[in-house]
Amino acid sequence: SQQGEEDPQALSIQEGENATMNCSYKTSINNLQWYRQNSGRGLVHLILIRSNEREKHSGRLRVTLDTSKKSSSLLITASRAADTASYFCATDAGSNYQLIWGAGTKLIIKP
Amino acid sequence: DGGITQSPKYLFRKEGQNVTLSCEQNLNHDAMYWYRQDPGQGLRLIYYSQIVNDFQKGDIAEGYSVSREKKESFPLTVTSAQKNPTAFYLCASRLAGSTDTQYFGPGTRLTLL
């Protein structure tokens, strides 16, 4: 069952611009996580934000969480070609240690 | 891909054949997961295991089987009952009792010939 929905499905921007991706979910959560997947590879964890947090930073990444709207956003600042990947949000609703995944946003950074 | 290995990287299956995908982790994680990913899609949970000798079905378990005889190993068998097995298969692990991240292997791409 998928809980998270990412928006947009695909995003193409110029190198140096900022990229914003959004994730909406349906039920109460313990935390929300963002992962990156390079083409044909496994997923890499980027950042986790807990339900009692509103904003979190990690390098060029900024994640916000609005539990009243059941939504989160991932901002990548000063994008680089190496940021080209698919980005997934996953929610932890506390059910048997499972994460519920969205369908992802495909980000292309044009040089 | 942090302490989790999957093999083989590519696998081909003929009609009527069972194939087994390997997943090994040296992170001392209790929980392990198998996901299926179709092109342009998110991850769908096949099976998961929280402790040795115990596992539960995920959302799409039909046509698949698993075992968890050792903490570090969680092999997935794609049986002949799975009529559309072509996909990218990802194994992950997580520290049980933690609400933190999952660590992923590099994946196995399975193709039905």
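The values are calculated or read from the model by the stated rules, or taken from the named source; none is laboratory data. Not measured: the values here are computed from a predicted model. Neighbour counts are summed over all protein chains in view; Cβ atoms, including those assigned to glycine, are modelled from backbone coordinates with ideal geometry. Ligands, DNA and RNA are stripped out before the accessible areas are found, and what is left, the full protein with its side chains, is counted by its heavy atoms. Shrake-Rupley method; radii C 1.70, N 1.55, O 1.52, S 1.80 Å.
The requirement of being part of a strand (DSSP E or B), in contact (Cβ under 8 Å) with a residue 40 or more places away in the chain, open to solvent by 60 Å² or more (accessible area, probe 1.4 Å) and within 14 Å of chain A (Cβ to nearest Cβ) is satisfied by B:Thr5. Screening A:Tyr87 against (1) surrounded by 17 or more Cβ atoms within 10 Å (Cβ to Cβ); (2) without any contact (Cβ under 8 Å) to a residue 60 or more places away in the chain; (3) of a type outside the set (Asp, Glu); (4) touching an Asp or Glu at 6+ places or on another chain (Cβ under 8 Å) leaves a single unmet condition, (2). Screening B:Leu45, B:Leu110, B:Leu90 for residues that are more than 21 Å from A:Ala90 (Cβ to Cβ), aliphatic (A, V, I, L, M) and in a strand (DSSP E or B) leaves exactly one candidate, B:Leu110.
Checking each residue in the range B:58-87 for being more than 20 Å from B:Ala31 (Cβ to Cβ), outside any strand (DSSP E or B) and not basic (Lys, Arg) picks out B:Glu62, B:Gly63, B:Thr79, B:Ser80, B:Ala81, B:Gln82, B:Asn84, B:Pro85, B:Thr86. Residues that are more than 8 Å from chain B (Cβ to nearest Cβ) and farther than 13 Å from B:Asp100 by Cβ were ranked within the range A:27-41; the one that is least open to solvent (accessible area, probe 1.4 Å) is A:Trp34. Within the range A:42-62, the set of residues being part of a strand (DSSP E or B) and either touching a His at 6+ places or on another chain (Cβ under 8 Å) or away from chain B (no Cβ under 14 Å) (or both) comprises A:Glu55, A:His57, A:Leu61, A:Arg62. Name the residues in the range B:19-70 that are closer than 16 Å to B:Gln102 by Cβ, basic (Lys, Arg) and either in contact (Cβ under 8 Å) with a residue 24 or more places away in the chain or open to solvent by less than 10 Å² (accessible area, probe 1.4 Å) (or both), would you? Answer for the range B:19-70, where residues must be closer than 16 Å to B:Gln102 by Cβ, basic (Lys, Arg) and either in contact (Cβ under 8 Å) with a residue 24 or more places away in the chain or open to solvent by less than 10 Å² (accessible area, probe 1.4 Å) (or both): just B:Arg36.
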